[in-house]
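Q: Take a look at this one; I'll ask things after.
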Amino acid sequence: MQKQSVKFILIIIIGVVMLGIFKNLFGQKDNTELKEVLTDNAYLVDVRTPSEFASGSVKGAVNIPLDKISGQLSKFKGKKNIVVFCRSGNRSSQAKSILEKNGFQNVVNGGTWQNVNSLISNN
C-alpha cells in the first residue's frame, strides 16, 4: 500500500512539473511591461548572430550578439529602456541577466524578435 502512495505522489509531482513546462513553452506571454517600454523609445537589441539578424529583425534594432554583450556595455549606457530579443527568448534572457549583473536595471526581455516586431507594428 505504501509503495502505491509513493508512486501516486511522484506521478502528481511529475504532472505539476510538466504542466509548468508546457505553460512556459506554449502559454500566452504577458506583454504589458514590454508594450509600455516600446512606446517610450526603447533601445532595441537583437542578440542573435549577424546572419540571423540579416535574415530579418525589428525595424530600428541594433545587432549585438549575446557573446559580444559583455564587451559592448558602453552601448547600453544612458539608455532609458532596453529591450533584448532573439529567436526563442533564451539568448535574450541570458543577455538580460548579463546586463543586470553589470548594473543595468532597465532591461526587458522581449522574447522572440517576432513578438517585439508584432507589438511595434500594432502601435
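Q: Along the Cα→Cβ direction, 7 angstrom out, place labels at Lys68 and Gln114. What is the inter-label distance in nm?
A: Label at Lys68, label at Gln114, 2.5 nm between them.
Q: Separate question: For Ser5 paired with Asn106, estimate the spin-label separation in nm (one decimal), with each label point 7 Å from Cα along the Cα-to-Cβ line.
A: Once both label points are built, they end up 5.7 nm from each other.
Q: Where q = 0.13, 0.21 Å⁻¹, what log10 of I(q)/I(0) comes from the Debye formula for the chain, counting one point per Cα?
A: Taking Cα atoms of the chain as identical point scatterers yields -0.56, -1.16.
Q: Once phi is turned into ³J(HN,Hα) by the Karplus curve 6.51 cos²θ - 1.76 cosθ + 1.60 with θ = phi - 60°, what whole-Hz value does each residue of region 31-40 show in order, with x for glycine and proline?
A: 9, 4, 5, 4, 4, 4, 5, 5, 7, 10
Q: Would you work out what percent of the accessible area of region 31-122, with all protein chains in place, is carbon or sulfur (probe 1.4 Å)?
A: 46
Q: Given a 1.4 Å probe, how much area per residue of region 31-122 is accessible, in Å²?
A: Values: 4860 Å² over 92 residues.
Heavy-atom SASA per residue in region 31-122 reads 53 Å².
Q: Another question, if that's okay. Could you go through region 71-76 in sequence order and give the Karplus-derived ³J(HN,Hα) for each residue, using 6.51 cos²θ - 1.76 cosθ + 1.60 with θ = phi - 60°, rounded to whole Hz, and x for Gly and Pro?
A: Taking θ as phi minus 60°, the curve returns x, 10, 4, 4, 5, 9 Hz for region 71-76.
Q: OK, next. Excluding same-chain pairs closer than 8 in sequence, count the lysine pairs in region 31-122 whose Cα atoms lie under 16 Å apart.
A: Within region 31-122, the lysine pair count is 11.
Q: Once a ≥ b ≥ c are taken as the square roots of the eigenvalues of the Cα gyration tensor of region 38-92, is the result rounded (a/c under 1.5), prolate (a/b larger than b/c) or oblate (a/b not larger than b/c)? Intermediate results must be reported in sequence, preceding the final value.
A: Numbers: a/c = 1.79, a/b = 1.22, b/c = 1.47.
Here region 38-92 falls in the oblate category.
Q: Looking at Ser5, Val37, Ser88, which one has the Cα that reaches farthest to the positive end of the dipole of the chain (charges on Cβ: Lys, Arg +1; Asp, Glu -1)?
A: It is Ser5.
Q: Work out, step by step, the length gained on full extension between Asn90 and Ile12: first 0.36 nm times the residue separation, then minus their alpha carbon distance; give nm to one decimal.
A: Details: separation 78, 0.36 × 78 = 28.08 nm, distance 2.80 nm.
Between Asn90 and Ile12, full extension yields an extra 25.3 nm.
The values are calculated or read from the model by the stated rules, or taken from the named source; none is laboratory data. Since the model is a prediction, treat every value here as computed from it, not as a measurement. Note that each Cβ is placed from the backbone with ideal geometry, even for glycine, and that neighbours are counted across all protein chains shown. Accessible surface areas use protein heavy atoms only, side chains included; no ligands, DNA or RNA. Shrake-Rupley method; radii C 1.70, N 1.55, O 1.52, S 1.80 Å.
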